[in-house]
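Some notes on the structure that comes next.
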Amino acid sequence: MLEHYTKHKLFVPEYANVDYDSASDIIIYWAEKRNSFGVSALAVHGLMESVKNESLKRIINKIDLIVPDGQPVRWALNSFYKLGMKDRVYGPELTLRVLEKANEKGLRVYLFGSTGDTLDKFQSFIERRFPSVVICGVHQDRFREATDEEDKEDIRKINDSRAHIVLVGRGCPRQEFWVANHKGKVNAAMMAVGAAFDFHAGTLKQAPSWMQKNGLEWFFRLLMEPKRLAKRYFVTNTQFIFTFLKYKLLFKFYDKS
């Protein structure tokens, strides 16, 4: 059944053992029902944020479907649980797979987050490539948290639009907070997919496929945005390695429940 899939805890988040096909099928299943359903494509950065950030740690697993966005996350899950995952479930690619299936069914999609320029280009991309998808609303990021009144209005607009899917591009971990905190409020499948907006809008270059497959996308993005990403990658990647080794080498009886 599409509503059932196994989850495996990695440090804090409970990752789903899914591939692109099963993940996109699950999302479309709940989207068609217009059930409140949360999705996050969580790479190393988001994983380590959930370890360090107590607020995120408390709510991250309210998100129904957390997929292993990064190759190191996949490697770690395979190492702990012998899952045999053959590939990660990369947020931008998952977005395309979901839009492809939404296109077949004529579903309604709401874009939430990012800048006006990126939203315009991303919307044009969707309309060209997936002409049967209905863009039923667009919300530019405020780049701050909404007031209670603004949030209520945001929820009203999304629900009134009858969106089946809300693509959320607010950056990690802001988008994970948003999705987790809007479970039961937004009647749609909410997907925290971050850089998918910029990649598909053409405002940010993607790493070559060989770099992605070998876990080197972080290096490519570092070359593209050194000032913004240097601290994130050097600090976060180091923390990930040490945390992995702590669980792997020091805690032989790591709780796999």
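The values are calculated or read from the model by the stated rules, or taken from the named source; none is laboratory data. As the structure is a prediction and not an experimental result, all values here were calculated from the model. Don't worry about glycine lacking a Cβ; one is built from the backbone with ideal geometry, like all the others, and counts go over all protein chains shown. Surface areas here come from the heavy atoms of the whole protein model, side chains and all, with no ligands, DNA or RNA. Shrake-Rupley method; radii C 1.70, N 1.55, O 1.52, S 1.80 Å.
About its Cα centre, how strong a charge dipole does the range 104-175 have in debye, to the nearest 20, once Lys and Arg get +1 and Asp and Glu get -1 at the Cβ? Could the numbers behind the result be given before it?
Working: 13 positive and 13 negative charges, 72 e Å.
Magnitude of the dipole: close to 340 debye.
For the range 175-255, just say rounded, prolate or oblate: build the C-alpha gyration tensor, square-root its eigenvalues into a ≥ b ≥ c, call rounded for a/c under 1.5, and beyond that prolate if a/b exceeds b/c, oblate if not.
oblate
How far is the Cα center of the range 82-145 from the Cα center of the range 166-214, in Å?
8
For the range 113-169, what is the Kirkwood estimate of the hydrodynamic radius, computed as the reciprocal of the mean inverse distance between distinct Cα atoms, to one decimal in Å?
By the Kirkwood definition, the hydrodynamic radius is 12.4 Å.
Over the range 144-203, consider all pairs of different Cα atoms and compute the Kirkwood hydrodynamic radius from their mean reciprocal separation; express it in Å, one decimal. Could you put the intermediate results ahead of the total?
Values: mean 1/r = 0.0824 Å⁻¹.
About 12.1 Å, per the Kirkwood formula over Cα pairs.
Note the per residue figure in Å³ for the convex hull of the C-alpha positions in the range 11-62.
Numbers: hull volume 4.0 nm³, N = 52.
Given the Cα convex hull of the range 11-62, per-residue volume reads 76 Å³.
Which of Thr115, Ile135, Thr147 sits closest to the plus end of the dipole of the range 101-149, meaning its Cα is farthest towards the positive end, when Lys and Arg get +1 and Asp and Glu get -1 on the C-beta?
Highest projection toward the positive end goes to Ile135.
Ordered by residue, what ³J(HN,Hα) values in Hz, to whole numbers, does the range 178-192 give under the Karplus form 6.51 cos²θ - 1.76 cosθ + 1.60, where θ = phi - 60° and Gly and Pro are x?
With coefficients 6.51, -1.76 and 1.60, one gets 4, 4, 4, 6, 10, 4, x, 10, 9, 8, 6, 7, 9, 10, 7 Hz.
In µm²/s, what is D for the range 1-108 at 37 °C and 0.692 mPa s, where D = kT/(6 pi eta Rh) by Stokes-Einstein and Rh is the Kirkwood radius from Cα pairs?
231
How big is the accessible area of Trp75 in square angstrom, nearest 10, if you roll a 1.4 angstrom probe over the protein chains?
Estimated to the nearest 10 Å², Trp75 gives 110 Å².
Just from the alpha-carbon atoms, what are the Rg and Dmax of the chain in angstroms?
Cα-based Rg and Dmax for the chain come out at 17.6, 53 Å.
Rounded to two decimals, what is Rg over Rh for the range 85-209 when you use alpha-carbon atoms and the Kirkwood radius? Write down the numbers at each step before the final one.
Working: Rg = 14.0 Å, Rh = 14.7 Å.
Here Rg/Rh amounts to 0.95.
Given a 1.4 angstrom probe, what's the average accessible area per residue across the range 164-225, in square angstrom?
Result: 38 Å² per residue.
For the range 41-119, with only Lys/Arg (+1) and Asp/Glu (-1) charged at the beta-carbon, what is the dipole magnitude about the Cα centre, in debye rounded to 20?
Taking the Cα centre of the range 41-119 as origin, the dipole is about 300 debye.
Once Lys and Arg get +1 and Asp and Glu get -1 on their Cβ, which of Ser55, Leu83, Ser124 lies farthest toward the positive end of the dipole of the chain?
Leu83
What are the radius of gyration and Dmax of the range 62-127, computed over its Cα atoms and given in Å?
Computed over the Cα atoms of the range 62-127, radius of gyration and Dmax are 15.4, 43 Å.
For the chain, what is the charge dipole size about the Cα centre, in debye to the nearest 20, if Lys and Arg each add +1 at the Cβ and Asp and Glu each add -1 at the Cβ? It would help to have the intermediate numbers written out before the result.
Values: 40 positive and 31 negative charges, 159 e Å.
Once rounded to the nearest 20, the dipole reads 760 debye.
Leaving out ligands, DNA and RNA, and with a 1.4 Å probe, what % of the accessible surface on the chain is carbon or sulfur?
Roughly 52 percent, rounded to a whole number.
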